[in-house]
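The values are calculated or read from the model by the stated rules, or taken from the named source; none is laboratory data. Note that the coordinates shown come from a computational prediction; the quantities given were computed from them, not determined experimentally. A quick note on method: Cβ atoms are made from the backbone with ideal geometry, for glycine too, and the neighbour counts reach across all protein chains shown.
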Amino acid sequence: MSATTIRGLAFAGLVAVALASPVAAARELTPALAAAANNLSSHYLIGRQAERTNDLSTAATHFEALLKARPDDPALMERTQFLLGASGRFADAVALAERLVAKDAATPSANLTLAIRDIRDGKFRQAAKLLAKLDRRGANRLLVPLLRGWALAGAKSKDEALAEITSLSGVGGFEVIEGLHSALIAGLLGDVEAAQAGYARALAATGDRPPLPLIEARAAFLAGIGKGKEALALVDGYMAGSGERLPLAAMRAALARGDKPAPPVANAADGVADALHAIAGRLNREDVSASALMYVRLAQALRPKSGRLALLLGQIFERLDRTDDAIAAYRTIEARSPWHWFARLAIADGLQRKEDVDGSAALLRAMMAERPERADAARALGDLMRARKRFDEAVSAYDTAMERTPEPVRDWSLHYGRGIALERANKWDRAEADFLRALELEPDQPLVLNYLGYSWVEMGRNLDRARAMIEKAVGERPLDGYIVDSLGWVLYLLGDRAGAVAQLERAVALVPDDPVINDHLGDLYWLVGRRNEASFQWQRALSQEPADDLEKKIRAKLDGRDLPAAKAAPAGRRDI
């Protein structure tokens, strides 16, 4: 919170005194004022802590309570208005925005909120005037032209609308958005030629990986102007290239029947929501998630039942480490939505993070039965079981995923994941085959190079080749302490003690709080005769809360039992 806001909270010094010393305040103030000060202090502290933990709904509630005590403080009003909007309380955010604008017409979040309200209500000219007041720096460099362009499109001012959107042309990173939204506005207002030109610009800017919204909009446009076969070919090409069919399945079915599918953006309000979705997604990827939350909530005020927006909302909550909120957002997506499937995959992941492994597994197994043609739920189940060290179940799930994934589209990571599960399930021959196949698909993949190389080191096999592979992995990821740890042990087994110690010490420097690597360094110190340093490293590893099995091994070594044997690779490693 800005210093201005904090000063605004200190009405008549009351909150300032209470925050400095609630006990002293109680002595200096009358009982009624002391109680009020302590209460306000609590609201402020809880609200600020809620903001820090990204619990913006709770923050909004407590800042509202502060605002009741200081209803005309502009800085407090502005902060509360933002929090209300980011919490999805659009009507309350609008009411406070009206009060803010009455005091200061340049308040950005208030003007934006009221512009969205006007767009929802069909008052496009009024919205365009409000949007014109916004600064065009930062994220607003993209936001204002897009939203104002759509507001003008709603007012049927095609030339003004396109001029706003095309002001983004030539700005690095905005080419696809400019072309797409120019095309959408031109198509909506009947300018087929300008729409074709916009789509051409957007497609040219994407190269051979056009995004789904562009394909969806372009296909609907082509079908609308009587080019259904061209639209069907566009959709089929996207499906073949991406390997994903579900989001466009309904559109493809309509095109195959010769029908004209409904356009994804049917009016100006839809266009604004689509623009807000694009900006929110961009901000979330750039880890500006609180602002992203505000924009997606504004978009939902225009399209409250959009599954795509709810999916993004859940993803933003995930980035903010609000798992319960993310799951709640995903569960609002209707079963008929193409995004329902992806929402359930995300719910399963959220349940895993909440330690509800059985709930996550049950959901994924139900999804596997529901769509036997898809591999993603089976793959997610394999990852879940592997993470929980239920390796036989992981292998079974990965086998199903492999059966459902055609050979030409299998990637290295599927073989790598199953290879780890097989190795941990003591099925080395199959595991080794998976690792080797992963390297055929991705020859320089450092994770596979390290895992296979280290597995050979543990078994005392192919040590020269293992060294070359791990050295290559270190070259690819020189700051990865786990891979550097592997290199240290292969150097030791090949007789390079000095090199081994140097690499293990570097690994500990890279990952100083990892008990496995600290334990490994202790083992190596013991083997090269540095016994006091070995004991120190084992004690250090023990202080870092190792897993139960590792803790037992470390304590045995500290008691003089089961000490490291010469020329033996250490047990214990990470899935990386």
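When you check Ala375 against the structure, is it closer than 17 Å to Ala348 by Cα and among the hydrophobic types (A, V, I, L, M, F, W, C), yes or no? Before you say what the answer is, go through the steps one by one.
Values: closer than 17 Å to Ala348 by Cα: yes; among the hydrophobic types (A, V, I, L, M, F, W, C): yes.
For Ala375, the condition - closer than 17 Å to Ala348 by Cα and among the hydrophobic types (A, V, I, L, M, F, W, C) - is met.
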Tally of residues being surrounded by fewer than 20 Cβ atoms within 10 Å (Cβ to Cβ) and under 21 Å from Leu521 (Cβ atoms) across the stretch 440-459 | 1
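Go through the stretch 231-248 and give me each residue that's surrounded by fewer than 18 Cβ atoms within 10 Å (Cβ to Cβ), closer than 24 Å to Pro372 by Cβ and modelled with pLDDT of 95 or more.
First, pick out the residues of the stretch 231-248 that are surrounded by fewer than 18 Cβ atoms within 10 Å (Cβ to Cβ): 233, 236-237, 239-246.
Subsequent filtering for residues that are closer than 24 Å to Pro372 by Cβ retains 236, 239-246.
Selection gives Asp236 alone.
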How many of the residues making up the stretch 407-442 are over 28 Å from the mean Cα position of the chain (by Cα), outside any helix (DSSP H, G or I) and not hydrophobic (A, V, I, L, M, F, W, C)?
-> 2
Has the stretch 127-142 got at least one residue that is in contact with a helix residue (DSSP H, G or I) (Cβ under 9 Å, 6 or more places away or on another chain), of a type outside the set (A, V, I, L, M, F, W, C) and in contact (Cβ under 8 Å) with a residue 60 or more places away in the chain?
-> no
All positions within the stretch 369-393 that are under 25 Å from the mean Cα position of the chain (by Cα) and either under 18 Å from Ala326 (Cβ atoms) or not in a loop (DSSP other than H, G, I, E, B) (or both) = Asp376, Ala377, Ala378, Arg379, Ala380, Leu381, Gly382, Asp383, Leu384, Met385, Arg386, Ala387
Screening Arg252, Arg257 for residues that are crowded, with 16+ Cβ neighbours inside 10 Å, among the basic types (Lys, Arg), out of contact with any Cys (no Cβ under 8 Å at 6 or more places or on another chain) and outside the structural domain of Asp411 (by TED's automatic domain parsing) leaves only Arg252
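Going through the stretch 243-262 one residue at a time, which ones are in a helix (DSSP H, G or I) and either hydrophobic (A, V, I, L, M, F, W, C) or free of Cβ contacts under 8 Å to residues at least 12 places away in the same chain (or both)?
The answer is Leu246, Leu248, Ala249, Ala250, Met251, Ala253, Ala254, Leu255, Ala256, Arg257.
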Selected residue (only one of Asp321, Asp399 is surrounded by fewer than 19 Cβ atoms within 10 Å (Cβ to Cβ) and in a helix (DSSP H, G or I)) | Asp399
Is it true that some residue in the stretch 496-508 is under 30 Å from Ala438 (Cα atoms) and touching a His at 6+ places or on another chain (Cβ under 7 Å)?
-> yes
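Of Ala369, Ala346, Ala380, which residue is aliphatic (A, V, I, L, M), in the same structural domain as Ile420 (by TED's automatic domain parsing) and touching an Asp or Glu at 6+ places or on another chain (Cβ under 8 Å)? So that I can check it myself, show each step before the final result.
Numbers: Ala369 fails: touching an Asp or Glu at 6+ places or on another chain (Cβ under 8 Å); Ala346 fails: in the same structural domain as Ile420 (by TED's automatic domain parsing).
When all the criteria are applied, what remains is Ala380.
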Which of (1) farther than 15 Å from Pro264 by Cβ; (2) out of contact with any Ser or Thr (no Cβ under 7 Å at 6 or more places or on another chain); (3) modelled with pLDDT of 95 or more is the odd one out, the single condition Glu178 does not satisfy?
-> (2)
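Just checking, which of Val511, Val528, Val484, Val501 is surrounded by fewer than 22 Cβ atoms within 10 Å (Cβ to Cβ), β-branched (Val, Ile, Thr) and under 32 Å from the mean Cα position of the chain (by Cα)? Outline the logic, then answer.
On the way: Val528 fails: under 32 Å from the mean Cα position of the chain (by Cα); Val484 fails: surrounded by fewer than 22 Cβ atoms within 10 Å (Cβ to Cβ); Val501 fails: under 32 Å from the mean Cα position of the chain (by Cα).
Matching residue, one of Val511, Val528, Val484, Val501: Val511.
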Sort out which residues of the stretch 38-86 are small (Gly, Ala, Ser) and under 24 Å from Ala326 (Cα atoms), and write them in order of number.
-> Gly47, Ala50, Ser57, Ala59, Ala60, Gly85, Ala86
Which one of the conditions (1) surrounded by 17 or more Cβ atoms within 10 Å (Cβ to Cβ); (2) not assigned by TED's automatic domain parsing to the domain that holds Arg437 does Glu334 fail to meet, given that it meets all the rest?
-> (1)
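In the stretch 223-271, what residues are closer than 27 Å to Leu143 by Cβ and over 27 Å from the mean Cα position of the chain (by Cα)?
Our first condition is that a residue be closer than 27 Å to Leu143 by Cβ; within the stretch 223-271, this holds for 247, 262-271.
Matches in the stretch 223-271: Ala262, Pro263, Ala266, Asn267, Ala268.
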Conditions (1) surrounded by fewer than 23 Cβ atoms within 10 Å (Cβ to Cβ); (2) farther than 14 Å from Met294 by Cβ; (3) modelled with pLDDT of 90 or more: number failed by Val94 | (2)
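Test of understanding: among Ala204, Ala219, Ala292, which residue is at pLDDT below 95 and surrounded by 22 or more Cβ atoms within 10 Å (Cβ to Cβ)?
On the way: Ala204 fails: surrounded by 22 or more Cβ atoms within 10 Å (Cβ to Cβ); Ala219 fails: at pLDDT below 95.
None of the other options fit; the residue is Ala292.
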Within the stretch 337-368, residues of a type in the set (S, T, N, Q) and either in a helix (DSSP H, G or I) or crowded, with 20+ Cβ neighbours inside 10 Å (or both) come out as Gln352, Ser360
Read through the list (1) over 29 Å from Ala219 (Cβ atoms); (2) charged (D, E, K, R); (3) more than 17 Å from the chain's Cα centre (by Cα), then give the number of the only condition that Asp274 fails.
-> (1)
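Among what's in the stretch 520-545 and is polar (S, T, N, Q) and in a helix (DSSP H, G or I), pick the residue that is nearest to Gln503 (Cα to Cα). I'd like the intermediate steps shown before the answer.
First, pick out the residues of the stretch 520-545 that are polar (S, T, N, Q): 532, 535, 537, 539, 543-544.
Adding the requirement that they be in a helix (DSSP H, G or I) leaves 532, 535, 537, 539.
Numbers: Asn532: 19, Ser535: 19, Gln537: 15, Gln539: 20 Å.
Result: Gln537.
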